[in-house]
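The values are calculated or read from the model by the stated rules, or taken from the named source; none is laboratory data. Keep in mind that this is a model prediction, so the values were computed, not measured. Just so you know, the surface numbers come from the protein's heavy atoms only, side chains and all, with ligands and any DNA or RNA stripped out. Shrake-Rupley method; radii C 1.70, N 1.55, O 1.52, S 1.80 Å.
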Amino acid sequence: MEIAILPVGPLQANCYILSDSEKNAVVVDPGGDAPRILEEIRKRSLRVQYIFLTHVHFDHFLAAAEVREAAGAPLLVPKEDADALADPRRSLVNMLPAAGTIPTPDRLLTEGEQIGEGELSLTVLATPGHTPGSVCYRGDGILLTGDTLFAGGVGRTDFPGGDETAL
């Protein structure tokens, strides 16, 4: 598996593009800068199979609608966060001067689900706390944590829906 990490959007959140030897790919947390994400996909001649969100704060989804439209791949969102996606207060979109398109999920994910095949097989791990529906994605030798874990720390819990005890 090859992993490209692109800091994107107004908060420079990490967007991950995972690809296998057959040029299949998944995009995780397209938080902005859609042209940059799409250029990386084009440059590598990738076929995006899925777009995943680790949670539904704006800095993890601002480019999701545009990437989905261009790639023709479904957007998968943690089930416990789905309602917050359309709520400007809970998605933190109310903090932005202009939000763009708020995506609607194509599919909701639950704890323990395995999505994808081969090198791109990822398991959904529920990790509530940063948001009620925060998840991590575990693959062969990788863990994509969104805002659950950081080097030397954990995600914030002072936003709507955050829960320090759960985290």
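Keeping all protein chains in place, calculate the accessible area per residue for the stretch 94-142 (probe 1.4 angstrom), answer in Å². Ligands and nucleic acids excluded, the figure is 52 Å² per residue.
For the stretch 71-80, the Karplus equation 6.51 cos²θ - 1.76 cosθ + 1.60, evaluated at θ = phi - 60°, returns couplings of 8, x, 10, x, 9, 10, 10, x, 3, 5 Hz by residue, with Gly and Pro reported as x. Values of log10 I(q)/I(0) for the stretch 107-156 across q = 0.30 Å⁻¹ run -1.14, by the Debye formula with one identical scatterer at each alpha carbon and no solvent. Here the Karplus relation 6.51 cos²θ - 1.76 cosθ + 1.60, evaluated at θ = phi - 60°, turns the backbone of the stretch 14-21 into coupling constants of 6, 9, 10, 10, 9, 9, 10, 5 Hz, with x for every Gly and Pro. Taking every alpha-carbon pair under 8 Å whose residues sit at least 6 apart, the chain reaches a relative contact order of 17 percent.
Summary of the geometry: the stretch 101-131 and the stretch 135-167, compared by the centres of their Cα atoms, lie 14 Å apart. Taking a ≥ b ≥ c as the square roots of the eigenvalues of the Cα gyration tensor, the stretch 71-167 is classed as oblate, since a/c reaches at least 1.5 and a/b does not exceed b/c. Take every DSSP beta bridge whose two residues both sit in the stretch 43-167; close to 70 percent of them are antiparallel.
Would you mind computing Rg(Cα) / (2.2 N^0.38 Å) for the chain, counting N as its residues?
0.95
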